[in-house]
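The values are calculated or read from the model by the stated rules, or taken from the named source; none is laboratory data. This one's a predicted model, so the numbers in the text were calculated from it and none came from an experiment. Please note: Cβ atoms are built from the backbone with ideal geometry, for glycine as well, and neighbour counts cover all protein chains shown. Surface accessibility is based on the protein's heavy atoms, side chains included, excluding ligands, DNA and RNA. Shrake-Rupley method; radii C 1.70, N 1.55, O 1.52, S 1.80 Å.
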Amino acid sequence: MTVPPAPQQKIVDLNVQLMCPDCKIVPPNISEEFSNGDLVCADCGLVLGDRIVDTRSEWRTFANDEGDDPSRVGSAANPLLNGPQLDTVISQRDGGSGAARELNRTHGRVTAVKGERNLLQAYKDISAMCEAIGLPKLIADIAKQLFKRVEDEKLLRGKPNESIIAACIFIACRQEGVPRTFKEICTLTQVPKKEIGRCFKALNDAFHETKVQTMTSEDLMARFCSNLGLNMEIQKAAVELTKKAKEIGTLAGKSPVSIAAACIYMASTLYKEDRNTRDISVVCGVSEVTIKNAYKHLYNERARLVDDRITAKLIDNLPSP
């Protein structure tokens, strides 16, 4: 018994081909005249359609200021600013008369969102300060978000913007694991340490869901050693000394900056890469007396701090305090 062949499925050609009804030439020679919005047969001149949409690139300029901006839409919305940000701006170019520039200024003053000028100025200051000390853009963005939240929730009424900006940068650095000391932030922002501390404490209490990590000596070690030109081996030895000192309790009550400076001084001396207390004081931001006092405690416990992992054979290189 033979099986009958399966019926072939009919395939429908869904391609739409436009053809001139007069010429009927295959393939058709049809041109698009975007200037008039018409479809025209190039052979006989018959108009086949009108009101076509120009899908080519936009070559007109819709810039608000001087310069080229061949875009079809405006700039992206900035989440750090208030308002819908869909307002219309009057162009400043009018052929040289200057009237459009004055209209642009007047229109900007009338339609300006309340408080937006202060926000923009604060954002510029945050970006400039972060770039000055080599902080990445991520830190600047977090600091801007914190500043906007402070402004929206009216957390620090009466405080100057400089103090709020300094506290926001300080918190942003702590959150991302690249802490900066109070002295570094004071030098950067020219705000007193006490004022930064007050703002930081108020914001830390207000931002319950924001985790602000405590600064440790290990967090500062890599940056301080890099600025002093010390190699990785000395940096690891300094970190090991810090951990040992915390376990023993040799430097209990000392600040993380003082502990880091004293351990760097001791590690550099062990490896005969002597860095005097003046150089370390400049980099770490602590006085030479503080470094010497902390080093005195480390020297008294040198036998317990320096083991085989930290070149116990070079323990004799340590100078007496």
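Things to note:
- Highest mean packing comes first when the peptides 266-276, 163-173 are listed by Cβ atoms within 10 Å, giving 163-173, 266-276.
- 3J(HN,Hα) couplings calculated from phi for region 167-174 with the Karplus curve 6.51 cos²θ - 1.76 cosθ + 1.60 (θ = phi - 60°) are, in sequence order, 5, 5, 5, 4, 5, 4, 5, 5 Hz; Gly and Pro show x.
- Per-peptide packing, taken as the mean over residues of other Cβ atoms within 10 Å, places 227-240, 41-54 in the sequence 227-240, 41-54 from highest down.
- For region 114-207, relative contact order (Cα pairs under 8 Å, six or more residues apart, normalised by length) works out to 27 percent.
- In sequence order, region 27-40 has phi-based couplings of x, x, 10, 10, 10, 9, 9, 6, 5, 9, x, 10, 9, 10 Hz under the Karplus curve 6.51 cos²θ - 1.76 cosθ + 1.60, θ = phi - 60°, and Gly or Pro positions carry x.
- Note on ALA303 and ALA99: the extension gain reaches 65.3 nm, defined as 0.36 nm multiplied by sequence separation minus the Cα-Cα distance.
- In region 114-207, the inverse of the mean reciprocal separation of distinct Cα atoms equals 13.0 Å; this is its Kirkwood hydrodynamic radius.
- Cα-projected label distance for SER320 with GLU273, points at 7 Å along beta-carbon direction, nm: 2.8
- Accessible carbon and sulfur surface of region 203-254 relative to its total accessible area, %, 1.4 Å: 45
- Charge tally around ASN36: other residues with Cβ under 14 Å, Lys/Arg +1 each, Asp/Glu -1 each, net -4.
- Proximity of backbone amide H atoms, modeled 1.01 Å from N, is registered between ILE30 and ALA42 at under 5 Å, excluding neighbours fewer than 5 places apart on the same chain.
- Extension gain for LEU138-LYS201 works out to 20.4 nm (0.36 nm per residue, less the C-alpha to C-alpha distance).
- Rounded to whole Hz, the Karplus (6.51, -1.76, 1.60) HN-Hα couplings of region 272-287, x for glycine and proline: 6, 10, 4, 10, 5, 5, 5, 4, 5, 5, 5, 6, 7, x, 10, 6
- The alpha carbons of region 269-309 stretch over 31, 20, 11 Å along the principal axes, in descending order.
- Filter on LYS246/LYS296; LYS144/LYS194; LYS194/LYS246; LYS193/LYS292; LYS236/LYS272; LYS183/LYS296 - keep pairs with C-alpha separation over 26 Å: LYS194/LYS246
- The calculated Kirkwood hydrodynamic radius for region 217-317 is 13.0 Å, given to one decimal from all distinct C-alpha pairs.
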